[in-house]
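Written below as structure tokens is the structure these notes are about.
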Amino acid sequence: MPDYTYEALAKTGQKQTGTLTAGSEREAASVLDSRGLFPIKIASVSRSGEGGGFSLFSGVSKRETALIYGQLADLLNSGVPLLRALEILERQTTNKRLSSTMRDVRLKVADGTSLSQAMGAHPKVFDELAVSMVRAGQEGGFLEDVLTRIASFVEHQEDLKAKVIGALAYPVFLAGAGMIVLNILMIFFVPKFEPIFAKLREKNELPMITVWVTWVSHTMQSKLGLLIAVLFVIAVVAFFKWAKGPGRATMDAVKIRLPLFGKVFLALSLSRFTRIFGTMLQNGIPILKALTIAKDSTGNRVLSDAIALSAENVTSGQKLADPLRRCKYFPGDVVEMIAIGEEANTLEKVLINISDSLEKRTARNLELMVKLLEPLMLLVMAGVILIVVAGLLLPVFKMGQAVK
């Protein structure tokens, strides 16, 4: 059982502090009451230390949470009570942070808190979508099915993310290698040619491309270059913080309008939405509530707002396909499939089929873009290095012609 620290008042009014072992906060309060103490503050030792410090490897991966969802569903389907199932998961989890989180979830549930609320207290482990689905499953009486669906969905999304990362690995490697080669050329090789350039610089006959190359080399070696690098890093960090905060809506709108990658971002967001929406309907959740939960699965605020607006129109009696058709973000073929699904009363199956189709289309588009990106990266790298080499060799050729 976990340990609790406490502050309490004795009958004499004197404040006492200490540590005790109990199964829950409520049980700890009962123990203090039996000792004639009035509890002021009770805190779990493990809980208070959960968020303290930082470790590079202390996080919880999506695949670990997917395993928790799946195992919890299996235990509940086997007739194991919820508290007992949470205790089993807490003990068998090797990740210390996840084990501590499951302990806190179990203690909250033991105190009368719902499972969804207990999970919602740990947003870094259980995302908002999973918490919303668990809440719907508890209200609808199909928690086991919802947990199985969440586990399957998270695994599917992680597989898709792995494919995207794998496809972009080589282009990123090329970009990194190109930057390393360029820095080596500018910092170590260009200075060795400076004595050769001196005579031409005195005569003001140094080619302009060489002037630019040497200026960049000097800048990279000076304190100004270091200052520019530091400012660049600060700007990048500030940009990402802005993009995740006040500028998220703007960035989400830009992402789905990019010339090539916009279609991929849009298809990924729509595939997540249709899969979750279809899953909710399969589990018997009413369409309006399913829309409210599924709209946040897009990962794009602009799309979420558009879907929320569509849900308002559905409330007024329209079919879902009508407001989605007026929304400029949903492709025409997707809207038509949704309309057919509504007419045939098979919307949940159609939505899952749409998700599968969008993911296949995304995989093809991504593969095509990677094939185009690789030669483009090589051309850019070759062009930059060619400029540097030309800046170094042109003065040499010019001096050779002068000797002749």
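What follows is calculated from the coordinates using simple rules that are stated; it is not laboratory data. Fair warning: this is a prediction, and the values are worked out from it, not measured in the lab. Cβ placement follows ideal geometry from the backbone for every residue including glycine, while neighbour counts extend to all protein chains displayed.
Think of it as helices only: each DSSP H run of n ≥ 4 in the chain is worth -39500 (n - 2.57), and spread over all residues that comes to -24000 deg cm²/dmol at 222 nm.
Couplings for the stretch 85-91, taken from phi via the Karplus curve 6.51 cos²θ - 1.76 cosθ + 1.60 with θ = phi - 60°, read 5, 5, 5, 4, 5, 4, 6 Hz in order; Gly and Pro are left as x. Given the options Lys371, Lys15, Lys108, which has the most mean-square fluctuation in a GNM of the chain, springs set between C-alpha atoms less than 10 angstrom apart? The residue with the greatest mean-square fluctuation here is Lys15.
Between Leu75, Leu185, Leu266, the residue with the greatest mean-square fluctuation in the GNM of the chain (Cα pairs under 10 Å linked by springs) is Leu185. Under 25 °C and 0.890 mPa s, how fast does the chain diffuse according to Stokes-Einstein, given a Kirkwood radius computed over C-alpha pairs? Answer in µm²/s, whole number. Stokes-Einstein gives a translational diffusion coefficient of 93 µm²/s. Among Leu376, Leu351, Leu174, Leu386, the ranking by other beta carbons within 10 Å of each residue's beta carbon, starting with the fewest, stands as Leu386, Leu376, Leu174, Leu351. Return one number: the angle in degrees, 0 to 90 and rounded to the nearest 10, between the long axis of the Cα atoms of helix 301-315 and the longest principal axis of the Cα atoms of the chain. The two axes meet at around 40 degrees.
Can you give the extra length, in nm with one decimal, that the chain gains between Asn313 and Glu343 once fully stretched, where that is 0.36 nm per residue apart less the Cα-Cα distance?
Stretched fully, the Asn313-Glu343 segment lengthens by 9.0 nm.
Taking the beta-carbon count within 10 Å as an exposure proxy, list Val335, Val211, Val146 from fewest neighbours to most. Please list the in-between numbers first.
On the way: Val335 19, Val211 13, Val146 24.
Ranked by crowding around the Cβ, least crowded first: Val211, Val335, Val146.
Determine the dipole magnitude for the stretch 55-155: charges of +1 sit on the beta-carbon of Lys and Arg, -1 on that of Asp and Glu, nothing else is charged, the reference point is the Cα centre, and the result goes in debye to the nearest 20.
Using Cβ point charges on Lys, Arg, Asp and Glu, the stretch 55-155 gives about 340 debye.
As a length-normalised measure over Cα pairs under 8 Å and 6 or more apart, the relative contact order of the chain settles at 14 percent.
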